[in-house]
Amino acid sequence: MRILTLIRQVLDAEETVHIRSGEIDLNGSKLVVDTMDEYGVEQALRIRDSGVDVEVVALAVGPERNQEALRTVLSMGADRAIHVMTELALDPIPLSKVAAQIAQQERIDLIFCGGQQSDWDSHALGAATAERLQLPQVTWVSALEVHGQTLTGRHDVDDGSEMFSVQLPAVITTQQGLGEPRYPTVPNIIRAKKKELRIETLDQFHVDLKLNVLGAAVQAKARLHKILDGKDAPAAAAELVELLRNEARVIP
Amino acid sequence: MSNPATEKMRRVTGGSFLIEDLAPEDIFTLEDLSDVQRQIERTTIDFAEKQVQPQIAAIEAKDFSVMKGLLRKAGDLGLMAIDVPQEYGGFDMDKVTSALIAEKIAICGSFSVAFSAHVGIGTLPLIWYGTAQQKEKYLARLASGEWVAAYALSEASSGSDAMNIRTRATLSADGKHYVLDGEKMWISNAGIANLFTVFAKIDGEKFAAFLIESGTAGLTVGPEEHKLGIRGSSTCPLILADCHVPKENLLGEAGKGHHIAFNILNVGRYKLGAAAIGGAKYSFRSGVRYARERIAFSKPITSFGLVQQMIADSAAGIFAGESLVYRVIGAIDASLAERDKTAANNTAEIQKHIEEYAVECSILKVWCSEMLERVVDQMLQLHGGYGYVEEYPAERAYRDSRINRIFEGTNEINRLIITGWMMKRAMQGRLALLPAIQRVMDEIMAGPTPREEREGELADQHFLLANAKKLSLFCAGAASQKFGSGLVDEQEIMGALADMIMEVLVLESAILRTEKMQGSSPLAVLMVKCYAARSFRVVETAGERVLGAVAEGDMLRTRMTILRRLTKHEPENTVALGREIATAMTAAGRYTLQI
Amino acid sequence: MILLVVEHARGNVSKSTYEMVTCARQLGREGPVTALVLGSGIMAVVNEVALLADQVLVSDRADLAQYDSELWSAAVAQVASEGDAHTILIGGSRSGREYSPRVAVKLDAPLLEDVISVTAEEGTLSAERYTNLARVTERITARAPVTVITPKQGAFAAAMPGTHAAEQFDVDLDLTARRVQITEKSAEKFSRISLAEAEIVVAGGRGVGSAEGFRNLVDELADRLGAAVGATRAVVDAGWRPYAEQVGQTGKTVQPKVYIAIGISGAVQHLSGMGRSKCIVAVNRDADAPIFKVADYGIVGDVNQIVPAIIAALSR
Ligand SMILES: Cc1cc2nc3c(=O)[nH]c(=O)nc-3n(C[C@H](O)[C@H](O)[C@H](O)COP(=O)(O)OP(=O)(O)OC[C@H]3O[C@@H](n4cnc5c(N)ncnc54)[C@H](O)[C@@H]3O)c2cc1C
Ligand SMILES: Cc1cc2nc3c(=O)[nH]c(=O)nc-3n(C[C@H](O)[C@H](O)[C@H](O)COP(=O)(O)OP(=O)(O)OC[C@H]3O[C@@H](n4cnc5c(N)ncnc54)[C@H](O)[C@@H]3O)c2cc1C
C-alpha cells in the first residue's frame, strides 16, 4: 500500500501573527508542520509499524522553505518526499489539483490531510482532492483502523460522532484524537538525510488561481485586564459579580 | 557526523584570537547550522516545551520519578547519545549539536543540570577513559537514559582545590577490590544515579577514578541539600565506608585520575555556556511577554525607555553570547574534523583537540554565566513585585541561574585559568603573545597613528575591537613587566586581564557573525553596536585597574595617556539603538534576529 | 440564479439557512434566491423554506435520508448546472464545509469558505474571513462565472420569513450509491440552551479537576446565570463532557456577550473558538495563564473556592 500525506508548513500556533503592509509576514517566525497534518503522518507511520507493507510519501506545495517541513516528516519516518516548488500561495481548490495529480502518478491508495489548515482555517483540501480523484472521503477522523482494503473508525460530524467503514482508495482528514505525533529522534533525523526529496515545478500541474487575497488585519480586541487576587475568595467573588453586573452589565 | 560548514573552516589555535584577526568566513555561526542540526534542535525544543515545561512544578517539588521519566524520554529521542561512539549505540556527532541540545533543554534549570550532569561529567569519563569492557557494560544504558550517571569529585573540604581530595582507596588483601573510604559533597544526580564516577587517591597518593554502581555495599547517598535554586535537581553527599569496588572498575590509569577530572571540565564549561544562552533566551521570552501585557500609567510598560533599556541590554547580551558560544564550539568541531580518526586512541585525540581550546572553554563558562545573571536580573526587575513571587517564572530563573557561577570551576578559578593559560602558552612559545605585545608597544611608542580607514557598517566597532586587543596586550605587557611570573599571585590583575581577554573574544565573535550575516538581519547590526559600546567600557575599566596597580607617578601618567588614546572614540547613540531593539523584541515576544 | 442549499435537522430548518438567506439577499447579485432541499420526508422543511426563498427545489428520496458528501455534492452540482446558478450558498456547518469543496471542484468554481461578509461588485465577489485560528481577518476576492460560498455560522443575521409561499419544484437527480457506510451514530443530546446562540457561556477546563467538579462548578454556575455550557478539548478528551460542548478550533465557535472560563489555560486552539466574545472572564490559579491575557475580568485563585463564592455572591 502507498500512503500520501499532504503537508503544509504554517506559523507555529504559539507565535504571534505579524502583519506588515496588509500582508501576513512569516519572516523570522517559527514555522512548523501543521499539527493537524502531523496526525496524518503519525497515522500513516502507525499503519506501517503495524506490519502492513506501506510506503509513506509526503507532499508539500510551496516555497523552498517547505523542504524543512518535509525533512521533519522524513525524520519522523516517512519514506520519501515530494516538493512542488512555488512562491504562489495556493488556496485549497487549486492545491488539490496538484495533490490529485501527484496521487495519480504515484498510484496512491490512501491520502491523509489535516482536518483544518491552521493558517487558512480551511477544511477544503481533503474533500477537494477526493473529488478530483473521484474517491470517497471521511473527514475529522479521530480513530482509524485498517483491515485489508477496508478502513474503519470514528469521525466527528455536525452533532456528534459516527463510526464509519469505507473501502480503499480513500481520503481521510485527520485531527487530534488520533495517536500523538512522534518526535523525530536523532537516529531518524540522521537516516532522513539520505531519503529522497524530489523537487518538482508547479507549471506542469496547470493550476489556475481564482481567489485573490487583498489584505489581512489583526484586530485584537482591547481587553480590560481587571484581574483580582483571589486569596480572599468571597471578597474577590463579590467584587467580580459587582463588576459584571454594574460595570460590564453582562449578567442579570 | 559533522556539519560540512565546519569541515571547510580554517583551523585556529586556542587563544590566538587575542593576537590574530579573523575574517567573517573563518568563524562558525548559528546561521551555518546544517539541516540535521536544525532538526535535532527542533526535536529538543519540542521535547523541552511540550514534555519538560508542563512538568516543572513536579520537578521543582523533587518528584524524582518525573525527573527520571523525562531523562528516559530524552534518551529515547537520542538526545543523550550525541557524544557516544557508534559502537555503543551512540551517534558520535559534532559538538555544536550537543551544544544546541544543551541550549534548548535549558528552559528549566533543574532539568538542565540533571541532564548535563548525566551526559557531560557523568558519562564522558567513561567514554574517554573506559576500557572496552567497561563501555560494553555501562555505556549503552547511559546513552539510552535507562541509567543515570553522576560525577563525584568535590568534598566538603576541597571544591576548587580538587587536587586535595581526601577520599582514599586501598587495594584489598586479595587484590580483587579497591576499598574506598571518604565523603563526597554536592554530587549532582546523586539521589537518582545508577552509576557514579568517584575520584579518590590510592593510598592517599595516586589520584584515580572509579566506576561505582548504586547499591554497592558501603556506598550511601546522604540527604538532599536544600538549595537556593535548581531545587528539582538532586544534590547530595556520598558516603563511602569500606566500599568494595571491583578492581576492573578502576577508570583509566591509577595516578592519572586528575587528568580525567580536569579534562572533562572543558566540555562541561562550553556546554554550560550553551545552556546559559538557552536559559537567558527563555527568561527573556517570559520577561518580554509579561512586560508587553503589563499596564502602568495606562500604557504597556514596554513603552517606557528604562524598561526598553533592560530589554535591549539583555537582547544584546544574548546575541553576543550566541555568537561567542557557537563560534568557539564550531572552531572545536573544525579542529576535531581534522583529527586522525583512525588513531588507535580516538578519544585521546578528541581530548587533545578540545584541550587546545581550554581558554575559550573557560571564557564561555564565565562570560555566559554572568550574561545569564544579568538577563535574569533584568527580566525579574521588569516584573516589578511580580518578579519577586513564585507565581511567575522570573523568580525561579533568578534563583536557578546562580549556580552557574559556582560549579564547573568557580568564576574566580576560571578567570585565573584564562589569564594563566595565556601566560603559560606564551612562555611555552606556543602562542606568539610576547611578540604581539612587543609589536603593540612599538606601535604605541612610535606615537599616535591616524585611525585606520575601514569600510563598512561596523567600521567603528572594528576600531573598538582592534583597540581592545591592543589595550589588552598593552596591559598584559605592563603587568608582566612589573611582576614577571609572580603575576599569578596578583589575582585581581589576573582577573582584570581575564575580563579584557573575554571581551575581545566576545566582541570579535559578535562583529564577525554580524558581518557574516551580510545584512540579512538589521537587528543584529543594532545589537552588535549596543554590545560593543558596553563591552568596550568593560575593557577600559579593567585596563585602568591594571595600569593603576602596576605603575605610579610619571610612568602611570604616560601609560594612562596611551590608554586614553586607545579608548578615545565617539559614543554610539545607544539610547536610540536600544529603543529600536526593544521594539522589535517586544513585537516578537521573544529573542529574535528578524525585525 | 442564487442556489441555496437548505440545512435542516429533525424536520426543522436550521438557523444557518435563515442566515444564508440574508447573505443571499445582501449579495447584490441578480436572480431568484432558489432553495434546494435534500432529504427524505422533508415536507415540513419545504413549507418552512417556502416562506424564505423565491423558489424551492426539492428532492425527497429515501437514499437522501442520511447526509453523505458525495451524494450531496453530486446533487448540488447537478442542480446548479441545470439551473445555471452563478452563486451557490452552502451552510457553514461541518458537513457543509465538507461537501462544498467537492461542489466547487465539480463546477470548476472558486470556494469562498466560511466567510463573515460577502458582496458582489460587477462580477467580482469580495469577502472577509477569519484565518490563522481566527486571529486574522483576510479580505479576498473571486471572479468567476460560478462561485461557491459557505457563510460562517452566526455571521449573518437570520432572515425574517415572508407571508407568501414560493413555488416548489421537484428535481430529478442522478445519484450513485454511497461509498462511506455509517455503522453507528452517537448523536449528542441537546442541552437546554444552544451553545452557538447563548448570550452567556460558562465553560470549564481541566482545572475543574473531574466530571464531578465540572457539574458542581460549571453546570451550577451556568444554571444560576441561565447560561449555556462549554468545555475545552482536554475536558472532552477526558470524557467528562460531550463533544457537542467543545469550544475551539475543532469544536464550536461562540461569540456571546460574556464568556466565563473556569480552569481553562487559554490555548490558542481554544481561543480561536471564543476569542471574539464581547466580554471574557477567567478564573485560574495560575496568574501567568494565557487566558488572562485576553480576559476583561478575572480572579487568580482556586476554582474550588472562587466558583462557589461567585455562586454565593450571585444570590445576594
Ligand atoms: C548545586 C551544586 C552541584 C554540584 N555538583 C557537583 C558535582 O556533580 N560533582 C562535583 O564533584 N562537584 C559538584 N559541585 C561542587 C562544586 O563544583 C564546588 O562547590 C565548586 O567547585 C566550589 O568549591 P567549594 O564549594 O569547595 O568552594 P571553595 O573552593 O571553598 O571556594 C569558596 C570561594 O573561594 C574562592 N576560591 C577558592 N580557591 C580560590 C583560589 N585559589 N583563588 C581565588 N579564589 C578562590 C572561590 O572562587 C569561592 O568564591 C556542586 C556544587 C553545587 C552547589
Ligand atoms: C490540532 C489541535 C486542535 C485543538 N482544538 C481544540 C479545541 O477545539 N478546543 C480546545 O479547547 N482545545 C483544543 N486543542 C487543545 C488545546 O491545545 C489545549 O490542550 C486545551 O485547550 C487545554 O485545555 P484546558 O485549558 O482545559 O487544560 P490545561 O491546558 O491543562 O489548563 C488547565 C488550567 O487550569 C488551571 N487550574 C488547574 N487546577 C486549578 C484549580 N484548582 N483552580 C484554578 N485553576 C486551576 C491551570 O492553571 C491551567 O491553566 C487543540 C489542540 C490541537 C493540537
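Given the criterion within 18 Å of B:TYR392 (Cα to Cα) and more than 16 Å from ligand 1 (Cβ to nearest atom), identify the matching residue among C:ASP296, C:ASP302. Before the answer, list the steps.
Values: C:ASP296 fails: within 18 Å of B:TYR392 (Cα to Cα).
Unique residue meeting the criteria: C:ASP302.
Quick one: which residue in C:ALA158, C:ALA177 is out of contact with any Gly (no Cβ under 9 Å at 6 or more places or on another chain), part of a loop (DSSP other than H, G, I, E, B), of a type outside the set (Ser, Thr, Tyr) and within 14 Å of chain A (Cβ to nearest Cβ)?
On the way: C:ALA158 fails: within 14 Å of chain A (Cβ to nearest Cβ).
From the options C:ALA158, C:ALA177, the qualifying one is C:ALA177.
Report, by residue number, each residue of region B:167-189 that is more than 20 Å from B:PHE262 (Cα to Cα), of a type in the set (Gly, Ala, Ser) and under 33 Å from the mean Cα position of the chain (by Cα).
Within region B:167-189, just B:GLY182 meets the criteria.
Of all the residues that make up region A:34-67, how many are in contact with a strand residue (DSSP E or B) (Cβ under 7 Å, 6 or more places away or on another chain), open to solvent by 20 Å² or more (accessible area, probe 1.4 Å) and either within 11 Å of another protein chain (Cβ to nearest Cβ) or aliphatic (A, V, I, L, M) (or both)?
So the answer is 3.
Take region A:145-164 and flag every residue that is more than 7 Å from every other protein chain (Cβ to nearest Cβ) and either out of contact with any helix residue (DSSP H, G or I) (no Cβ under 6 Å at 6 or more places or on another chain) or over 17 Å from A:GLY177 (Cα atoms) (or both). Working first, answer last.
Initial filter on region A:145-164 (more than 7 Å from every other protein chain (Cβ to nearest Cβ)): A:145-155.
Correct list: A:GLU145, A:HIS147, A:GLY148, A:GLN149, A:THR150, A:LEU151, A:THR152, A:GLY153, A:ARG154, A:HIS155.
Among the residues of region C:265-281, write down those that are touching a Phe, Trp or Tyr at 6+ places or on another chain (Cβ under 6 Å) and within 8 Å of chain A (Cβ to nearest Cβ). Lay out the reasoning, then the answer.
If we filter region C:265-281 for residues that are touching a Phe, Trp or Tyr at 6+ places or on another chain (Cβ under 6 Å), which is where we start, we get C:274, C:277, C:280-281.
Passing the criteria: C:ILE280, C:VAL281.
For region C:248-272, name all the residues that are more than 6 Å from ligand 2 (Cβ to nearest atom), touching a residue at least 40 places away in the same chain (Cβ under 8 Å) and open to solvent by less than 30 Å² (accessible area, probe 1.4 Å). Before you say what the answer is, go through the steps one by one.
Taking region C:248-272 first, the residues more than 6 Å from ligand 2 (Cβ to nearest atom) are C:252-262, C:266, C:268, C:271-272.
Adding the requirement that they be touching a residue at least 40 places away in the same chain (Cβ under 8 Å) leaves C:252-262, C:268, C:271-272.
Correct list: C:VAL254, C:PRO256, C:VAL258, C:TYR259, C:ILE260, C:ALA261, C:ILE262, C:VAL268, C:SER272.
Could you say which residue among C:VAL218, C:VAL202, C:VAL235 is open to solvent by less than 40 Å² (accessible area, probe 1.4 Å) and either at the interface with chain A (Cβ under 10 Å from one of its Cβ atoms) or part of a strand (DSSP E or B) (or both)?
C:VAL202
Condition (residue is among the hydrophobic types (A, V, I, L, M, F, W, C) and closer than 25 Å to C:ALA62 by Cα) applied to region C:159-166: is it met by at least one residue?
Here is the first cut: in region C:159-166, the residues among the hydrophobic types (A, V, I, L, M, F, W, C) are C:159-160, C:165-166.
Cutting the leftovers down to closer than 25 Å to C:ALA62 by Cα gives us C:166.
Yes, region C:159-166 has at least one match.
For every residue, the table says whether it meets (1) facing chain C (nearest Cβ under 7 Å); (2) open to solvent by 30 Å² or more (accessible area, probe 1.4 Å).
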site: A:LEU214; (1), (2): yes, yes
site: A:VAL218; (1), (2): yes, yes
site: A:LEU224; (1), (2): yes, yes
site: A:ALA235; (1), (2): no, yes
site: A:VAL241; (1), (2): yes, no
site: A:ASN246; (1), (2): no, yes
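Inside region B:453-552, counting only helices (runs of 4 or more DSSP H) that do not spill past its ends, which hold 1 or more residues that are more than 24 Å from B:VAL359 (Cα to Cα) and among the β-branched types (Val, Ile, Thr)? Walk me through how you get there before you give the answer.
Working: elements: B:459-483, B:491-516, B:522-550.
Here the list reads B:522-550.
Is it the case that some residue within region B:122-141 is open to solvent by less than 50 Å² (accessible area, probe 1.4 Å), within 25 Å of the chain's Cα centre (by Cα) and at positive phi?
Scanning region B:122-141, I find no residue that is open to solvent by less than 50 Å² (accessible area, probe 1.4 Å), within 25 Å of the chain's Cα centre (by Cα) and at positive phi, so the answer is no.
Do we find that B:SER298 is out of contact with any His (no Cβ under 7 Å at 6 or more places or on another chain) and within 16 Å of ligand 2 (Cβ to nearest atom) in this structure? So that I can check it myself, show each step before the final result.
Values: out of contact with any His (no Cβ under 7 Å at 6 or more places or on another chain): yes; within 16 Å of ligand 2 (Cβ to nearest atom): no.
When the stated conditions are applied, B:SER298 does not pass them.
Within region C:98-114, take every residue that is surrounded by fewer than 24 Cβ atoms within 10 Å (Cβ to Cβ) and not acidic (Asp, Glu) and give me the one that is nearest to the other protein chains (Cβ to nearest Cβ). Give the derivation first.
Quick first cut of region C:98-114, residues surrounded by fewer than 24 Cβ atoms within 10 Å (Cβ to Cβ) only: C:106-108.
With the extra rule that they be not acidic (Asp, Glu), the set shrinks to C:106-107.
Numbers: C:LYS106: 7, C:LEU107: 11 Å.
The extreme case among them is C:LYS106.
More than 7 Å from chain A (Cβ to nearest Cβ), open to solvent by 10 Å² or more (accessible area, probe 1.4 Å) and in a helix (DSSP H, G or I), is that true of C:SER81? Lay out the reasoning, then the answer.
Values: more than 7 Å from chain A (Cβ to nearest Cβ): yes; open to solvent by 10 Å² or more (accessible area, probe 1.4 Å): yes; in a helix (DSSP H, G or I): yes.
Yes; evaluated as a whole, the condition is true for this residue.
Identify the residue in region C:279-291 that is at pLDDT 95 or above and within 17 Å of A:ALA220 (Cβ to Cβ) and, among all such residues, is nearest to ligand 1 (Cβ to nearest atom).
Among residues in region C:279-291 that are at pLDDT 95 or above and within 17 Å of A:ALA220 (Cβ to Cβ), the one nearest to ligand 1 (Cβ to nearest atom) is C:ILE291.
Residue-wise test of (1) aliphatic (A, V, I, L, M); (2) out of contact with any helix residue (DSSP H, G or I) (no Cβ under 8 Å at 6 or more places or on another chain).
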site: B:ALA23; (1), (2): yes, no
site: B:ASP35; (1), (2): no, no
site: B:PRO54; (1), (2): no, yes
site: B:VAL66; (1), (2): yes, no
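Go over the candidates B:VAL148, B:VAL113 one by one and state the one that is surrounded by 18 or more Cβ atoms within 10 Å (Cβ to Cβ), near ligand 1 (Cβ under 8 Å from one of its atoms), hydrophobic (A, V, I, L, M, F, W, C) and in contact (Cβ under 8 Å) with a residue 12 or more places away in the chain.
On the way: B:VAL148 fails: near ligand 1 (Cβ under 8 Å from one of its atoms).
The unique qualifying residue is B:VAL113.
Which residues, counting only those in region A:189-206, are on the phi < 0 side of the Ramachandran plot and away from every other protein chain (no Cβ under 12 Å)? Working first, answer last.
Narrowing region A:189-206 to residues on the phi < 0 side of the Ramachandran plot: A:189-205.
If the condition is that a residue be on the phi < 0 side of the Ramachandran plot and away from every other protein chain (no Cβ under 12 Å), then A:GLU196, A:ARG198, A:ILE199, A:GLU200, A:THR201, A:LEU202, A:ASP203, A:GLN204, A:PHE205 are the ones that fit.
Among the listed residues B:VAL375, B:VAL389, identify the single one that is open to solvent by less than 40 Å² (accessible area, probe 1.4 Å), away from ligand 1 (no atom under 16 Å from the Cβ) and among the β-branched types (Val, Ile, Thr). Working first, answer last.
Values: B:VAL389 fails: open to solvent by less than 40 Å² (accessible area, probe 1.4 Å).
When all the criteria are applied, what remains is B:VAL375.
Kindly provide the set of residues from region B:445-484 that are more than 25 Å from B:ILE511 (Cα to Cα) and not basic (Lys, Arg), ordered by number. Give the steps one after another, and end with the answer.
Pass one, region B:445-484, residues more than 25 Å from B:ILE511 (Cα to Cα): B:445-448, B:477-484.
Those that are more than 25 Å from B:ILE511 (Cα to Cα) and not basic (Lys, Arg): B:MET445, B:ALA446, B:GLY447, B:PRO448, B:GLY477, B:ALA478, B:ALA479, B:SER480, B:GLN481, B:PHE483, B:GLY484.
Kindly provide the set of residues from region C:147-163 that are within 19 Å of C:MET20 (Cβ to Cβ) and surrounded by fewer than 20 Cβ atoms within 10 Å (Cβ to Cβ), ordered by number.
Pass one, region C:147-163, residues within 19 Å of C:MET20 (Cβ to Cβ): C:147-162.
Those that are within 19 Å of C:MET20 (Cβ to Cβ) and surrounded by fewer than 20 Cβ atoms within 10 Å (Cβ to Cβ): C:GLY154, C:ALA157, C:ALA158, C:MET160, C:PRO161, C:GLY162.
Every residue in region B:540-595 that is among the β-branched types (Val, Ile, Thr) and open to solvent by less than 40 Å² (accessible area, probe 1.4 Å), please.
Result: B:VAL546, B:VAL550, B:ILE562, B:THR567, B:ILE581, B:THR586, B:THR592.
Restricting attention to region C:295-308, and to residues there that are surrounded by fewer than 22 Cβ atoms within 10 Å (Cβ to Cβ) and part of a helix (DSSP H, G or I), which single residue is nearest to the other protein chains (Cβ to nearest Cβ)? Let's see the steps before the verdict.
First, pick out the residues of region C:295-308 that are surrounded by fewer than 22 Cβ atoms within 10 Å (Cβ to Cβ): C:300, C:302, C:304-305, C:308.
In the following step, the residues that additionally are part of a helix (DSSP H, G or I) were identified as C:304-305, C:308.
Numbers: C:ASN304: 9, C:GLN305: 4, C:PRO308: 8 Å.
So the residue we want is C:GLN305.
Return the total of residues in region C:84-95 being open to solvent by less than 20 Å² (accessible area, probe 1.4 Å) and touching a Pro at 6+ places or on another chain (Cβ under 9 Å).
Adding up the residues that qualify gives 4.
Every residue in region C:12-47 that is within 14 Å of another protein chain (Cβ to nearest Cβ) and surrounded by fewer than 16 Cβ atoms within 10 Å (Cβ to Cβ), please.
Of everything in region C:12-47, just one residue is within 14 Å of another protein chain (Cβ to nearest Cβ) and surrounded by fewer than 16 Cβ atoms within 10 Å (Cβ to Cβ), namely C:ASN12.
The values are calculated or read from the model by the stated rules, or taken from the named source; none is laboratory data. Computed from a predicted model, the values in this text were never measured in an experiment. Neighbour counts run over all protein chains shown; Cβ positions are idealised from the backbone, glycine included. The protein model used for the area step is the full one, side chains on, heavy atoms only, and it has no ligands, DNA or RNA in it. Shrake-Rupley method; radii C 1.70, N 1.55, O 1.52, S 1.80 Å.
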